[in-house]
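Okay, so here's the structure we're looking at.
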Amino acid sequence: MTDFSFRLKNVAAVVVCLAAWVFSANAQDIITLRNGDEIRARVTEIGTTEIRYKRFENIDGPTIVVARSEVFLIRYENGTRDVINPITPNTSTGSTNTRNDARKGDIAMGVNAAVGLGTIFPNYGFGAKLQGYISDKNRLEGAFVYFLPEELSVLGIEMRMNMWNISANWHFLFSTSDRVMFYSLLGVGIVGVTTEFRTLSGDFGEPVSENEFCFNLGGGMDIKLSNNWDFNAMLKYKKGNNWDFLRISTGFTYNF
C-alpha cells in the first residue's frame, strides 16, 4: 500500500508539472513576421507604425520595438489573433517589391554601356533595350548597341572601324533573393561593321561595310534598386561565321 501511494504521488507530481508546462507554453503571444519568423512575446502596445513587446523568455527585460509594416499577424495567449498586414498573392514570399513581382505582360526599357573583351572590333559602345515578360520565368529582349569608331592595327594593317549590333534574345529567369534575379540568355543578331583602311598617303580610304548574322549566348543579373528601377549586368558571347567575341555590359532599366 505504501509503494502504491508513493507511485501515485509521483504520477500526480508529473501531471502537475506537465500541466504547468503546457499552461506556460500557451500563456504567450506569438508575433509572426512577414518573412516567416516567429517571436515568442508578451505584446504591450500596438501603435499605428510600431508594435512594442517584451520577449517571453525575459518578461522583466527591456521593451523591444518592431515596425508594424514588418508584422504579418499576432496570435494572443487566449487564442485570438490580429492580422496586421495581410499577405497578397504577389507578396506570398514574405516581402513586398521583390524580383518575383515580374508577371506576364510587364515591360521594361533601359540603357547600357558595353565593353568588348580582347577583340579586333571596337571595344566601347552604348545602347538601348526593350524587354517584355511572356511569363514569370521567361522574358524577350530586343537590343541595339553602337560601338564608337576606333583605330586599330591588325597584322601591320592600320584601319578605322565602327560597329553596330541588333539582337533578339530570350532570357530564362530565376531568383536567388528578394532583390536579385539571374538569367541565362540565348538569341540571334546582326552585326554591322564599317572599315576604312589607311592609304599610303596617310588618310583613310572609302568605307567598306559588311553585315553578318550571329548567335548570342550568355547570362546576367538584375538588381532591384526601387519599385521601378533595376541595375543590370550581363556577359554575352557572340559567334559569327568567321569571328567571335565577348562583351560585358552594365546599365539600368525602368519597369512599367
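Could you calculate, for segment 29-86, the ratio of the Cα radius of gyration to the Kirkwood radius, expressed as Rg to Rh?
Over the Cα atoms of segment 29-86, Rg/Rh equals 0.93.
Here the label points at GLU70 and ARG40, each 7 Å from Cα along the C-beta direction, are separated by 2.1 nm in the simple model. Relative to one another, the C-alpha centroids of segment 218-256 and segment 46-84 are positioned 43 Å apart. FRET efficiency for the pair PHE204 and SER177, taken as 1/(1 + (r/R0)^6) with r the Cβ-Cβ distance and R0 = 51 Å, rounds to 0.50. Our estimate of slack between ASP60 and TYR124, defined as 0.36 nm per intervening residue step minus the Cα-Cα distance, is 16.6 nm.
Once the chain from ALA233 to LYS137 is taken as fully extended at 0.36 nm per residue, the excess over their C-alpha distance is 32.7 nm. Note on segment 106-256: Cα-only Rg and Dmax are 17.3, 61 Å. Taken along its principal axes, the alpha carbon cloud of segment 203-256 reaches lengths of 50, 27, 19 Å, longest axis first. Name all residues of segment 156-191 having a backbone nitrogen under 16 Å from the label point set 7 Å from the Cα of TRP243 along its Cα→Cβ direction, giving them as ranges. The answer is 156-167, 189-191, whose backbone nitrogens lie closer than 16 Å to the label point.
The numbers here are math on the coordinates, done by the rules we state, and not lab data. Everything numeric in this text was worked out from a predicted model, so none of it was measured. Heads up, the Cβs are rebuilt from the backbone with ideal geometry, glycines too, and the neighbour counts pull from every protein chain shown.
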